Every structure is written in C-alpha cells, then in structure tokens.
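J.: Just dropping this structure here.
The values are calculated or read from the model by the stated rules, or taken from the named source; none is laboratory data. Please read these numbers as outputs of a predicted model, since none were measured by experiment. All Cβ positions, even for glycine, are placed from backbone atoms using ideal geometry, and neighbour counts span all protein chains on display. Each accessible area value is taken on the protein alone, full model and side chains, heavy atoms only, with ligands, DNA and RNA left out. Shrake-Rupley method; radii C 1.70, N 1.55, O 1.52, S 1.80 Å.
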Amino acid sequence: MKVLLIGGTGNIGQRILKEALDKEYEVTAVQRKPEALELKHPNLTVIKGDLLNEAELPSLIAGKDVVVSAISLYAGLSPEQFKKAHQNLINALKKQPQTRIIAVGGGTNNEVAPGLRMLDSEDIMKNIPEEYKPSIFAHGEVQKLYETTGLENWTYFNPAAMIQAGERTGKFRLGTTNLVADENGASNISFEDYAVALVDEIKNQQFVGKPFTIGY
C-alpha cells in the first residue's frame, strides 16, 4: 500500500507517520520544508510539495493508493488557504478517482443532536475564544466540500471534542456524525489513538464516502 502523507510533522501527522511505518506501509511524505522532517526509515521518502500549487498535485498523487491529509490550520495556513488546499486536492483526485483520500478533520464538525453540529450550537460556540472560530468554521466548510463536490473516494475523520498528546492504547470507539462521549459527557482522544484509527481505516475502508469520528 502506497501512502502519500501531507503534513507529517504536525502533532497528528507525526503520529500517523509513525503508525503507518510501523504497519509497513510505503510512505511518501510531502512537506513544504522537507528538512523539517528528520525521521529516517527505509519505507519513507520525503519530498517537497505544496497543496496551494494545484499544478503539481497530479504528479504527487500519481501511483499512490491513498492520500492522507494531516495539514493543520495551526501550522501557518490561514482558513482560506486551508480551504483552497483541500479544493486543490479534490480537483486533482477527481482526475485520479482510484486514489482515496483520508483527511484529518475537526472535532466541532460532530453532531451533539440530530442535525446540530457543535459548530452550529450557540451554547457551545459562545464558550470558545473568538480566535479559534475561523479555523473551526473552515473545517466545517471543508467537510462540506468533500460531501458536495462529486468526489466519491473520500473520508473526513473528525476527532473527539478534545484531542491531545497521550497514550497509544488501541482502545476507543468509532462513530459517524455523532460526537463520541463517555457517560459523563466528556469527549476525548489521544493523538496516538487517533492515528491508530486513521491508519486502520486505510485497510478497513469502513467509512468511504462519509465522515467518521472517535472517542473513548
């Protein structure tokens, strides 16, 4: 299985990279600054690339079985650049429909009631600092792009409401559109277990053409 990983140095991306290599996938990591990824591994190739350069994407994707986008809004991309990057990816993948994409999403895309996403809930959003809201809304718009622009071989993987560094337990629950929370209403996942589930989805293909989510 040949994987193209975009954003392999971020909090989530570096865990996905490790998990994919541990499972013996052949990974090509695309980085705007290749020197930032110092990991060496016989199954890892690091190349220079930029999702904002739509013209170069077809050649980056060619020959790959799955693209994993772990680009982050907290790594120098503006919300508009984040949306543009994903639109470029969608355009390129439409020309290579056999290639799948799994994109790292946002926890606030999950629903807390039928048809009510966290990002659409006034009660939830009033407690979120204003500086985070553009990024939250961008994730909502990007999921809509995948749902509505005619691409079929996509998966948008929204984390729990809270995702942070922790342990790789391999024990978690998956859902589709509803927030996964425990009996106390807490919705949490570690970067490590999120990466486990994402890399498992490469093989399992359980959520093709739809979003899914995770939590303990």
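J.: What does the charge count near Lys48 come to, summing +1 for each Lys or Arg and -1 for each Asp or Glu among other residues with Cβ under 14 Å from its Cβ?
T.: -1
J.: As I understand it, the value is the acute angle between the Cα axis of helix 133-148 and the longest principal axis of the Cα atoms of the chain; what does it come to in degrees, rounded to 10?
T.: The helix 133-148 is inclined about 70 degrees to the chain.
J.: In straight Cα distance, which aspartates and glutamates are under 12 Å from Lys171, not counting same-chain residues fewer than 8 positions off?
T.: Glu192, Asp193
J.: Here's a follow-up. May I ask for the distance between the Cα centers of the range 54-129 and the range 146-168, given as a whole number of Å?
T.: Their Cα centres are 8 Å away from one another.
J.: Separate question: Mind grabbing the base-10 log of I(q)/I(0) for the chain at q = 0.15, 0.16 Å⁻¹? Debye formula, identical points on the C-alpha positions, no solvent, two decimal places.
T.: -0.94, -1.08
J.: Can you pick out the pairs among Lys33/Lys144; Lys18/Lys64; Lys2/Lys95; Lys23/Lys64 whose Cα atoms lie more than 23 Å from each other?
T.: Beyond 23 Å: Lys33/Lys144.
J.: Assigning unit charges at the beta carbon (Lys, Arg +1; Asp, Glu -1) and nothing else, what dipole magnitude in debye, to the nearest 20, does the chain show about its Cα centre?
T.: Here the chain has a charge dipole of around 540 debye.
J.: So, counting K/R as plus one and D/E as minus one, what does the shell of residues with Cβ under 14 Å around Met118 add up to?
T.: Taking every other residue near Met118 into account, the sum is -1.
J.: Also, quick follow-up: Can you list which of the GluC sites (Glu not before Pro) found in the range 133-191 are DSSP loop residues with at most 14 other C-beta atoms within 10 Å?
T.: Qualifying residues, ordered by number: Glu152, Glu167, Glu183.
J.: Note down the net charge around Ala165, summing +1 for each Lys or Arg and -1 for each Asp or Glu among other residues with Cβ under 12 Å from its Cβ.
T.: Taking every Cβ under 12 Å from that of Ala165, the sum is -1.
J.: For the Cα atoms of the chain, what angle does the longest principal axis make with the long axis of helix 79-94, in degrees from 0 to 90, nearest 10?
T.: It works out to around 60 degrees.
J.: Counting only heavy atoms of protein chains, what accessible area per residue, in Å², does the chain have with a probe of 1.4 Å?
T.: 49 Å²
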